[in-house]
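Note sheet for the following structure.
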Amino acid sequence: MLRSLRIKRSLQSSVIHRKNPHFNNTLETLSSSPTTKTPLINLIRQFSSSSPPPPTPPPLSATPSTSSELRKYLGYSALLLSCAVATYYSFPFPENAKHKKAQLFRYAPLPDDLHTVVNWSGTHEVQTRVFLQPESLEELEKIVKDADEKKQKIRPVGSGLSPNGIGLARGGMVNLALMDKVLEVDKEKKTVRVQAGIRVQQLVDVIKDHGITLQNFASIREQQIGGIVQVGAHGTGAKLPPIDEQVISMKLVTPGKGTIEISKDKNPELFYLARCGLGAFGVVAEVTLQCVERQELVEHTFVSNLTEIKKKHKKLLNDNKHVKYLYIPYTDTVVVVTCNPVSKWKGPPKFKPKYSLDEALQPVRDLYKESLQKYKRQPNENDSKVSDLTFTELRDKLLSIDPLNKDHVKKINEAESEFWKRSEGFRVGWSDEILGFDCGGQQWVSETCFPAGTLSKPNMKDLKFIEEVMELIEKEEIPAPSPIEQRWSASSKSLMSPASSESNDDIFSWVGIIMYLPTSDARQRKQITEEFFHYRHLTQTRFWNQYSAFEHWAKIEVPKDKNELAALQERLRARFPVDAFNKARKELDPNRILSNAMVEKMFPIEDNAT
């Protein structure tokens, strides 16, 4: 029998951006009656072929018992104990709980002020008692000053969208979601000065009334400006640099030197180091961005294959303002998406699609219905109707049925290939509407950046890289879903950017591999995670050094193995100015209150050197 047990589990919650989140704990109690002692029983049996003598009647005060009765009671006890344990371990978790189940008897009540902060993909989480959201520059300055005096961690964290949780810190965090104002717009110079907590979409909605917009966009619009700049995010277009290149000045609140302003003219050495500074030098409070005239774009989506792409690759990079390729594993399909300004003379193209959206989605819907029958699954009553699901929602539903079965994933990819073939055509809209991309649901992703020559002379290594990755997937039978996304950017002058280069002519290719997490089941998510890291490890060991590829700062995963960590540190030191980076950290953040375990492991500083 089990004694009374009190258990608290903390509920997960994503970072919210208007109020400081508070998390309630769920209290569960398992109880049973106390155990009773069993008297000692004689278990000796007689070994004789002759008939035994009549048994001696037991004393009136004794309780008659036999070995069969003992086994019966022991069996009941064991059954009751196993039922109690099974009930405990199968107790339903909240839908948003991603962490592992508890170990028996090892839970203590969690304090009410402990906040659980989880990144968007649910792949990284921390619990902290310190989560601060200042509403003004003065309040932020006081927070940083007080934290430095107390040596209290306050890692800057944005919208929590980074797949690797680079902004998370157990010691404490500061979030600028309440500092989200547009401070100044210069229509003539096409510049805008904003508080760093403003979200990309929020900023674009304000400045479009002034006829300007951002030069380029990442796949989604929910990032805070401070975060998207600090991790070196990018859009696509071989003539367009990463987003940090749009920054022309910044205001940092630093622990060591207070509030400082840096630009190309004011402390340029620190400016080019801190533009993509991973939040390690100071809390980015304000940013001034160089914008461009707002334009309508024509998006053209068509399907090709790698053989044809090789023939047209240089022309596609040079002739299109924005271009990306989406590769579908286990097929020869390459989806090409180009975006260019609407011609002032010709206007938007006149095009009538061959298929409606419903017709384009039909192969995916059919596969979903077929898979439900094959796997004998019933749709959840709370699920939307199949006809109401978007393409990415359907893909998630399909993958959740059997996410690591290569043959099942292959069928999904083939259905996706057919979807894109039926989706060829044109779309017209403003750049902030057109340049986005539905990335799908929660996911693991690894994105690498590597040099691809120049616009006038592409070295074609970008396509060779893809060719080798696709061959690897088929050879190793990796259940790789679609897409493998390939984009390009011009170089950046930011020293810590993966696309950093002194030459303006250099171009860089960015390639992302992916595995989705379409389920909330902890065991299944763990299996997908292990398979993804196997997939990533294969690409890392075979291709990264060969192509001089380095991971996106928001997607790099720091290894736990000491030898692998040492190898990562060596690679980073060979590519980036690590000594200058650490020197600036020591000057601006001497107590390292702005860093977290990830930053410390990638860029270690000896304690006796601080």
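The values are calculated or read from the model by the stated rules, or taken from the named source; none is laboratory data. Model, not experiment: these values are computed from the prediction. As a convention, Cβ positions derive from the backbone with ideal geometry for all residues, glycine included, and neighbour counts pool all protein chains shown. The protein model used for the area step is the full one, side chains on, heavy atoms only, and it has no ligands, DNA or RNA in it. Shrake-Rupley method; radii C 1.70, N 1.55, O 1.52, S 1.80 Å.
Which condition breaks for Q378 when tested against (1) more than 30 Å from I243 (Cα to Cα); (2) buried (at least 16 other Cβ atoms within 10 Å of the Cβ)?
With (1) more than 30 Å from I243 (Cα to Cα); (2) buried (at least 16 other Cβ atoms within 10 Å of the Cβ) applied to Q378, the lone miss is (2).
If K310 meets every condition in (1) open to solvent by 20 Å² or more (accessible area, probe 1.4 Å); (2) in a helix (DSSP H, G or I); (3) touching a helix residue (DSSP H, G or I) at 6+ places or on another chain (Cβ under 8 Å); (4) closer than 23 Å to S159 by Cβ apart from one, which number is that one?
Here K310 clears every test but (4).
Would you pick out the residues in segment 116-157 that are open to solvent by 20 Å² or more (accessible area, probe 1.4 Å), within 24 Å of R221 (Cβ to Cβ) and in a loop (DSSP other than H, G, I, E, B)?
If the condition is that a residue be open to solvent by 20 Å² or more (accessible area, probe 1.4 Å), within 24 Å of R221 (Cβ to Cβ) and in a loop (DSSP other than H, G, I, E, B), then W120, T123, H124, Q133, E135 are the ones that fit.
Please determine whether any residue of segment 589-596 is open to solvent by 30 Å² or more (accessible area, probe 1.4 Å) and of a type outside the set (K, R).
yes
If G256 satisfies all but one of (1) touching a residue at least 24 places away in the same chain (Cβ under 8 Å); (2) assigned to a strand (DSSP E or B); (3) surrounded by fewer than 23 Cβ atoms within 10 Å (Cβ to Cβ), what's the number of the condition it fails?
Just one mismatch for G256, condition (2).
Between a first residue in segment 311-336 that is without any contact (Cβ under 8 Å) to a residue 24 or more places away in the chain and a second residue that is of a type in the set (A, V, I, L, M) and surrounded by fewer than 20 Cβ atoms within 10 Å (Cβ to Cβ), which pairs have beta carbons less than 9 Å apart while being 6 or more apart in sequence or on different chains?
L316/I309
Based on what the data block shows, is P481 in contact with an Asp or Glu (Cβ under 9 Å, 6 or more places away or on another chain), surrounded by fewer than 22 Cβ atoms within 10 Å (Cβ to Cβ) and in contact (Cβ under 8 Å) with a residue 24 or more places away in the chain?
Answer is no for this residue.
What is the residue count in segment 173-199 for residues that are over 23 Å from the mean Cα position of the chain (by Cα) and not in a loop (DSSP other than H, G, I, E, B)?
Here the count works out to 10.
Sort out which residues of segment 200-225 are open to solvent by 10 Å² or more (accessible area, probe 1.4 Å) and in a helix (DSSP H, G or I), and write them in order of number.
Of everything in segment 200-225, those that are open to solvent by 10 Å² or more (accessible area, probe 1.4 Å) and in a helix (DSSP H, G or I) turn out to be Q201, Q202, D205, V206, K208, D209, H210.
Please go through (1) crowded, with 21+ Cβ neighbours inside 10 Å; (2) part of a loop (DSSP other than H, G, I, E, B) for R170 and return the number of the only condition it doesn't satisfy.
(1)
With K493, K464 as the choices, which residue is at pLDDT 95 or above, among the charged types (D, E, K, R), open to solvent by 10 Å² or more (accessible area, probe 1.4 Å) and within 26 Å of K410 (Cβ to Cβ)?
Numbers: K493 fails: within 26 Å of K410 (Cβ to Cβ).
From the options K493, K464, the qualifying one is K464.
Yes/no matrix, rows are residues, columns are (1) farther than 18 Å from P156 by Cα; (2) modelled with pLDDT of 95 or more:
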site	(1), (2)
A567	yes, yes
K586	no, yes
S595	no, yes
I605	yes, no
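For the list (1) part of a strand (DSSP E or B); (2) on the phi > 0 side of the Ramachandran plot, I need the number of the one condition that V445 fails.
Result: V445 passes all but (2).
With the requirement that a residue be assigned to a helix (DSSP H, G or I) and touching a residue at least 60 places away in the same chain (Cβ under 8 Å), what does segment 493-525 give you?
Once the filter is applied, which keeps residues that are assigned to a helix (DSSP H, G or I) and touching a residue at least 60 places away in the same chain (Cβ under 8 Å), segment 493-525 yields A522, Q524, R525.
Scanning segment 183-199 for residues that are acidic (D, E) and touching a strand residue (DSSP E or B) at 6+ places or on another chain (Cβ under 8 Å), which turns out least open to solvent (accessible area, probe 1.4 Å)?
Per the criteria, the residue is D186.
Based on this model, can you work out whether A580 counts as touching a residue at least 24 places away in the same chain (Cβ under 8 Å), open to solvent by less than 60 Å² (accessible area, probe 1.4 Å), assigned to a helix (DSSP H, G or I) and touching a Leu at 6+ places or on another chain (Cβ under 9 Å)?
yes
When only residues in segment 545-570 that are under 23 Å from L463 (Cβ atoms) and in a loop (DSSP other than H, G, I, E, B) count, which is most open to solvent (accessible area, probe 1.4 Å)?
Looking at the filtered set, the residue picked out is S548.
Only residues that are part of a loop (DSSP other than H, G, I, E, B) and open to solvent by less than 10 Å² (accessible area, probe 1.4 Å): list them for segment 234-253, please.
Selection gives H234, G235, G237, A238, P242.
Going through R542, R573 one at a time, which residue ends up being free of Cβ contacts under 8 Å to residues at least 12 places away in the same chain, surrounded by fewer than 20 Cβ atoms within 10 Å (Cβ to Cβ) and in a helix (DSSP H, G or I)?
It is R573.
What is the residue count in segment 414-441 for residues that are under 26 Å from the mean Cα position of the chain (by Cα), among the polar types (S, T, N, Q) and not in a helix (DSSP H, G or I)?
0
Is it the case that segment 383-396 has a residue that's crowded, with 18+ Cβ neighbours inside 10 Å, touching a Gly at 6+ places or on another chain (Cβ under 9 Å) and touching a residue at least 60 places away in the same chain (Cβ under 8 Å)?
Yes, segment 383-396 contains a residue that is crowded, with 18+ Cβ neighbours inside 10 Å, touching a Gly at 6+ places or on another chain (Cβ under 9 Å) and touching a residue at least 60 places away in the same chain (Cβ under 8 Å).
Please tell me if R422 is under 28 Å from T213 (Cα atoms), in contact with an Asp or Glu (Cβ under 7 Å, 6 or more places away or on another chain) and open to solvent by 30 Å² or more (accessible area, probe 1.4 Å).
Spelling it out, it is not the case that R422 is under 28 Å from T213 (Cα atoms), in contact with an Asp or Glu (Cβ under 7 Å, 6 or more places away or on another chain) and open to solvent by 30 Å² or more (accessible area, probe 1.4 Å).
Check whether at least one residue in segment 439-449 is open to solvent by 50 Å² or more (accessible area, probe 1.4 Å), modelled with pLDDT of 95 or more and out of contact with any helix residue (DSSP H, G or I) (no Cβ under 8 Å at 6 or more places or on another chain), and report yes or no.
no
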